[in-house]
Each structure stands twice: as C-alpha cells, then as structure tokens.
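Structure first, then comments.
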Amino acid sequence: MPFKRLRSIFVVIPAIIVALALIAVASGWLWETPPVPPSPQKVVLSEVKVAPAESTYEIIGVLEADQKVDLLARVSGFLVGLKFKEGDPVKEGQVLFNIEPDQYQAAVAAAEAAVLSAEANLVKAQLDFDRSQDLYKKRTTPKSDLDTAKAALDVARAQTMTAQANLAQAQLNLGYAEVKAPFDGFVSDTPFSEGSLLSPESGVLATVVTQDPILVNFGVSDKYMAATRLGSGPLPGSSLDNVVTKLKINGETFYESEGKLIYVAPLVDKSTDTIKLKAEFPNPQGVLMPNQSVVVSLTAKVPPQVLLAPKGSVMSSSNGNFVFQAAPAEGAPGLRAKVVYIKLGREFDNGYEVLEGLKPGDQVISLGLMSGGSMLRDGLPVEVLEEAATPGAKEAKGANPAPGARAGNQAEKAS
C-alpha cells in the first residue's frame, strides 16, 4: 500500500510540473523579454538664420557674332583673284575677291565720254539760249525762237544729268568688281576658286564675322521674368539690373569674363512662352565662337537677405511642410525629436525661405533624418553630434522635398 501511494506521488508531481510550465508559457512568465528602449538617433543641427539667399538660373544659349555679313557678288564676271586666306583676320576695306574688271572699266570710259559730249551740247545750248534771249529783248527775233532755244537748253541739261548718272553707275559696277571686307573681323572659307564665273545669283562668296565682343542669345520663361521684375523671384531687380551673367563653356567650367545684358525683347515668343535676351561678352582671345552652344548662368549681384532653413532639414507631409528640432522630453532624460510645422516661401540654392514657424537662431535637424532605413519620427530620442552643419547642407538621404517651395524654384534649366 505505501508503495502504491509513493508511485502515485511520482506520477502526479511531473504532471503538476508540466501543467505549471504550460501555464507559464501561456502567460509569458518564462519567455517574456523586457522592452529595450530605442537607441538615440545621431543627428546634426543647423541654425536657422537670416543670410544672403544664393540663387542660380541656368539656360541654354547660342553664341552669335556682334557683326556678321555674307559677301555677295553684285556684278557678273570671272573671278580673277582671291586676296585672302580662309579663316584669317581681315581689315575693313581689304579686297577679298577680284572679279574681271575689263568690261566695267570700258563702261566707265564710255560713260565719261558721254558726259563730255553731253556737257558740250549743254554749253552750246546755253549759248544759243543766251543769244536768242538778247535778240528777243532787242525785238529782232520772235518769241518762238526763244522758246525753242529754252527747250533745247532743258534737253541738254537732262542729257547731261543722264550721262552723269550713267557714269556714276558704271563707276559703281567697276567698284563692285572688288569685293571688300565691310569691317575688321575674320573671313570664312569660300566655295569658289579663281576662274569661277560669278554673278549676283552665285550665292554667298564668304562670310565675315567679328569675334570681340561676342553675343549670346537665350530665352527666359515669361513667368520667371515677371517674378523677377516684381521682386518675388529668386533674382529680384527691375529689368534684370540686379543680375550677373556668366557662361559655362565646358561642363562646369566658367568663362573668365562676366557679360552684360544688352537686350530684353519687348514681346513674348508664344511658341515657347519665353522672352528673348542678349548678353555681350568680351572675347579678345577668340575663345568663344559664333554658333557655339553654352550654358548661361544668372545670379543676383546683391542677394536678398531672408530667413533660411537648410534644404536637408525640410520635410513634407499631407499636413504641410515641417522640420525636426531636438527638444528635452518631459519626465525622460536626453533629447527627443520634435515636429515643427512651417510655412515656406521661395527656394534658393542654399535653403528654403521660412515665412512662419521659425525664428532666427532656432536649431533644426539637418542631417541624420534617416537611420537604418527608417525615417526619424516625432518623440524618438536623438543624440546631437558635435559637428555643426553648414547652411544649405546636403539633403538627408530619403528626405522628401518640400513641395510648398516649388513655386519659387530657381533651378529651371532648358535643354
């Protein structure tokens, strides 16, 4: 009997232990892991302050010569002389093409003879008229003779004028046999060689262009121009008088000299909704060439002073634009991320203009918004690093741009 009772005890005790273990597992007593507080996310702060707002507007432009002339033949004849080397500089008045002058020299000689003959007839007609006038005054000749003499004198004068005009035209044609450079510049190549028969229908013989100064043509959107003139754009200044004009000629390489705006079109090109502008650049070394494509870079001479938040600090959500600040948490040690909603104005190269929600001297988180693939959230602990971020710090990876700032986006580029 005692043995049976002892055996029952050994059977019951393991059963009780198993039951208790199952209850413990079910209730989480044995396997529950105590919660681990999240590690502070390392962040960098930047100061929100009033600073010069850097802004750049870039647009594709095309260089053109300040002066450009296509040389044409104005008379017909064989080309008997090429007086230039293609691509070389030429001087104003320099003869470039010689067209066979013989026929035009002969025409001048004939015209000169015709003038001499007409002038002789005019002298004789004048003498006849004077004689008839004297006789008429003495009443020794009728009035009809005086009228005849007067008419002959008028005809002689007209013939003389015609002869002189023909001589002038013959001299012009002889002058046209020499095709000259209209100004100092550079001459292009020519499709003609000595012996070619030239005429006004031959087309362009060569082109003479200037290279210093040189012009650049480009177009600015009408909306951008309106915002600029009203002072609400990134480059404020009436008629773009507050703009520095530069050229990029090779990727990011800037041309050494600045230009000046010399023309703003009075009308909008409706096919492109742009306003045409021209800027002039010195080009003493001939670095810039007509028809070359360049990037025109416009910046403000005197940047506006505005309250700027670094681009990497500004986020957006359905509730609006916001930034994070590092603030002490009530009843807890350390700093916590705090969401602050703001109102933005224009976007500049080095930050967003802040209209509401922040004041000068405020610190916002500009770097460290992403950690381990997760975005920083309101209330999470943060650890501020010693390094201070510079204004306009690079945007944090994965940060959403602030759509409210796009109305003033100055980074419009045309391709």
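Brief remarks follow.
- Some residue of region 123-134 being of a type in the set (Val, Ile, Thr) and either loosely packed, with under 15 Cβ neighbours inside 10 Å or at pLDDT 95 or above (or both): yes
- Of the residues making up region 331-347, none is outside any strand (DSSP E or B) and surrounded by 14 or more Cβ atoms within 10 Å (Cβ to Cβ).
- Selection status of THR190, assigned by TED's automatic domain parsing to the domain that holds ALA107, of a type in the set (Val, Ile, Thr) and either closer than 26 Å to GLY87 by Cβ or surrounded by fewer than 17 Cβ atoms within 10 Å (Cβ to Cβ) (or both): no
- Among the residues listed as GLY93, GLY61, GLY87, the single one being modelled with pLDDT under 95 and crowded, with 16+ Cβ neighbours inside 10 Å: GLY61
- Within region 75-123, the set of residues being assigned to a loop (DSSP other than H, G, I, E, B) and small (Gly, Ala, Ser) comprises SER76, GLY87, GLY93.
- The set of residues in region 299-312 that are modelled with pLDDT of 90 or more and not in a strand (DSSP E or B) contains only PRO310.
- Selection count where residues are in a loop (DSSP other than H, G, I, E, B) and either in contact with a Phe, Trp or Tyr (Cβ under 8 Å, 6 or more places away or on another chain) or of a type in the set (Asp, Glu) (or both), scope region 193-220: 9
- Checked against the criterion of being crowded, with 20+ Cβ neighbours inside 10 Å, β-branched (Val, Ile, Thr) and either out of contact with any Cys (no Cβ under 8 Å at 6 or more places or on another chain) or in a strand (DSSP E or B) (or both), the candidates THR140, THR228 yield just one match: THR228.
- So GLU100, is it surrounded by fewer than 16 Cβ atoms within 10 Å (Cβ to Cβ), touching a Phe, Trp or Tyr at 6+ places or on another chain (Cβ under 7 Å) and of a type in the set (D, E, K, R): no
- Of all the listed residues (LEU205, LEU198, LEU174, LEU153), the sole one being among the aliphatic types (A, V, I, L, M), under 30 Å from LEU122 (Cα atoms), surrounded by 15 or more Cβ atoms within 10 Å (Cβ to Cβ) and in contact (Cβ under 8 Å) with a residue 40 or more places away in the chain is LEU174.
- Inter-residue pairs, beta-carbon under 6 Å, first within 16 Å of PHE348 (Cβ to Cβ) and in region 302-327, second surrounded by 17 or more Cβ atoms within 10 Å (Cβ to Cβ) and hydroxyl-bearing (Ser, Thr, Tyr), 6+ apart: ALA309/TYR352; PRO310/SER46; PRO310/SER366; GLY312/SER366; SER313/SER366; VAL314/TYR352
The values are calculated or read from the model by the stated rules, or taken from the named source; none is laboratory data. Small disclaimer: the values here were computed from a predicted structure and weren't measured. Positions of Cβ are backbone-derived with ideal geometry, glycine not excepted, and every protein chain shown enters the neighbour counts.
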